[in-house]
Amino acid sequence: MTVRDTTIIAIARAGSFLAVTLTSWYTCQALHIPFLAGITAVILILGHIWRNRGLVVSTEELPAFPLLLTIAVLSSPTIAILPALLGTSPHWLANSDDAYTLLIARGLRHGFPPVDLSWNGATIHYHLGGALLTDLISRATALPVHAIYYGVLPLILKIIAVASILVIARDLAPDVPSKTRAWIPLAVCGVVEIDWFAIAWHVHDFLVRGLVAFTSEGMPVLHLREGLFSRHAFDAAPLAALFVVVLAGTWQRTTLLEKASLLFCVYLAKQQVFLAAGAAYAIVSLLELARRRWQPFAAGSIALLSAVLALRNGSTYGSMAHMSIGCGALCRDLMERHGLAARLPAALHLPMEICLMLASLHLFLAALIRRRRSCTLPPALLLLCFVIMGPTIAFVLKYRASPLLKQRFLTVYAPISAKLFMPLAVYLDRILEIAVQAAATTLPLTLAIVALPLGASWMSSTPNRGWRYVLIVWFYVTLVVSAWSTSVMVIRGTGRAKEIGADTMSVLSAIPANAQSVLTNDLQYDDHAEQHLPLLNIWAPLSSGRQFYASAFMFNFQYPDSGERLRIVRAFVGEDSDSQRLSLARTAGIDTLFWREQPGVRPPSTGWKRLETRGMYSVYALTGSPPGQSGSRRP
C-alpha cells in the first residue's frame, strides 16, 4: 500500500487553506460580520485559491505503513485522553495554558475581542490564534470546544505537519529513497529539547535550598520538552511553529494570499514567535526580490501590515511593558540575581549551555555542511533563518515592566510568594520574558526538519562506512526517542491534569444562565495539578461558561482594579456580618456565589438562596432580585 506524492502535497497545502480560513475568520470577527456571512466569504476565497492551486504533479509514491505508524504514534496522546473529549462542557484540562485557551474560545461566543469570563467587564487580547481556530471549527461542527481542542484539531494539524515535513524532505533531498523519507516526520519528533531555564532553576534550588527542584513540592521544573509535533494539543508557540513549517513546505506552491495568511497566523498564534518568523521571512523575501520574484516580498508586506492593524486592538500588558535592548541570557541572569556568580565561576553558564547543545547539534551541523547547496533553497533558508533569529532575538530583546506594572504585580503576588517556585523578582521577568518561548520553539526543534533530510541524504550516499553507521544509528535513535517521548512522556505529563468531578460539574451547571457576576471563594487552580497557581481559578468560569466577578488574579494582575477586586473578594470571604457581605455584593454587582466549603469560613446565609449543593461546592443566588439585576455592573 502506497501514498502518492501529489496527495502529500495537497495535504500540506491544506495547511495554507487553514491559515487563509483563520485569517478570514479573524477579519470577520474583528469587523463583526455574522457567522454565516463570514463562512460564505471564507468558502468563496478558498474556492478561488483551489481553482488556481497549480499543484506540482509527481508520480512518486511513498509506503503507507511508516506514515500510518507516524500518525498513530503522534495521535497516541489524544487516544489516551478520549474520556476528556466527552460531555458538553470542559471537565479535563491538561494544564493551565490549555484552560486559558479554552476560556478565550468560550469568550468568543460573547463577542470580539473575546469576553474574559474570569474577570467581569474585561476582554482578552492574548494569543487569539488557537482559540479562534477552535471556536471556528466548534461552530462549524456543533462540537464543544474541548472536543475540538483536544481531539479534532490536534489530529488535523499533525497530519498537515507530517505532510509538510515530507514535502520539505523531498525538496531538500530528492535523492533520499522514498522508504527512508517516509520515516523522517517521526524522526523529527524524536529531537527533544532540554528546558534551559529549568536546568538553571534546578542548579539554583540545589545550591541555595539544598533540594533538587524536581523532587520538591510544586511544579517540577527539570524535564525534557516534547518533540515539535508530539503535543496533546496545539496553541501559542507550537501552533506558530506549525504555520512556519507549512509556509516552508508550500513555498513554491502557494499564492500571495496564502503566504500572507500563513505569516499572519504566526502572529495570531504567538506574537513573540512572529518576531523570529518575520525576521527570517524578511531575509528570504529580500533575497527572492533580488532574483526578481516579487510575490514573497508583497505577501510579507501584507502580513506585516495586518499584524500592525491587529496590534491596534490591544496587547496583554499595553504600555506598561516595553521592549528594550539587553542581554537575555537566562542562565547568566539567574546567577547574577541570586548571588550564584559568587559561588560559581562567572562564565559557568557558557560551558554549561555549550556542552548541552553540542551533542545534539553536532551531527545536524555536519549534515548541513555536507549538503550546503540544499540550504540555499527557500524552504531550508527560511527554517535556518528562523532557527538563527530565535536565539538572536532572545539574546537582544527583552520586556521590561514599568514601575506601575511592578506595583500591581506585587499587590497580587507578594502575599502568595511562598507558593511560587521562583522569587518574585524573577517571576515577573519570567512572565514578560520574550526570550523563553521564541528560543525554545526554534532551537533545535525546527532545525531537525532541515537537518534530518540532509542527514538521510548523506547517510545514503557517503562511501565512508564509519559515518554511515553513525548516521544510521542516529536516525534510528531519533525514531525510538520520538515514539517514547510522544506516546509515553506526553501521556505521563497529562497525569497531573486538572479533573473536575461530576458533582462539581453539576453545581457549576446550576449557576443561572442570566447570572450577572459570580463570586467564588475558591481562587486556586488545583493543588494537585499545579500547586504554584493559588490565585488562578479559570476552570470554574470555563466549565460553567458563566461570567465570574474576579477569579484569575495571577493572569489579570495588570488591570488597574486588580488589587481592589482582590480586597473585595477576601473581605467578602472573611466577613462575619451578613449585612456587610450583602453590601459588598451589591456594590460590586455580584448576584451569584460559587462557594467551596472551607474550615473557618462561614457559608452565606441571610440574603442568599442556595440553589445546589454537591460535595464541597454550592451555588447561592442573591434573594430579593433575580440574577442579573443585583445592582451596578463594574466596568
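The values are calculated or read from the model by the stated rules, or taken from the named source; none is laboratory data. Quick caveat, the model's predicted, so the values are computed rather than measured. Backbone-built Cβ (ideal geometry, glycine too); neighbour counts: all protein chains shown. SASA here: full protein model, heavy atoms, side chains in, ligands and nucleic acids out. Shrake-Rupley method; radii C 1.70, N 1.55, O 1.52, S 1.80 Å.
If R0 is taken as 30 Å, the Cβ-Cβ distance between Asp97 and Leu410 corresponds to a FRET efficiency of 0.80. With the simple model of a label 7 Å out from the Cα in the direction of the Cβ, Arg567 to Val601 spans 2.1 nm.
A simple count of charges around Thr23, restricted to other residues whose Cβ falls under 13 Å of its Cβ and scoring Lys, Arg +1 and Asp, Glu -1, yields 0.
Please calculate how many Å² of accessible area region 531-578 carries per residue, with a 1.4 Å probe and no DNA, RNA or ligand atoms counted. All intermediate terms of the calculation are to be shown ahead of the outcome.
On the way: 1210 Å² over 48 residues.
About 25 Å² of surface per residue is accessible.
Is region 63-160 rounded, prolate or oblate when judged by the Cα gyration tensor, a ≥ b ≥ c being the square roots of its eigenvalues, rounded requiring a/c under 1.5 and prolate requiring a/b larger than b/c? The shape class here is prolate. The distance between label points at Leu305 and Val470 comes to 5.1 nm (points 7 Å beyond Cα on the Cα→Cβ vector).
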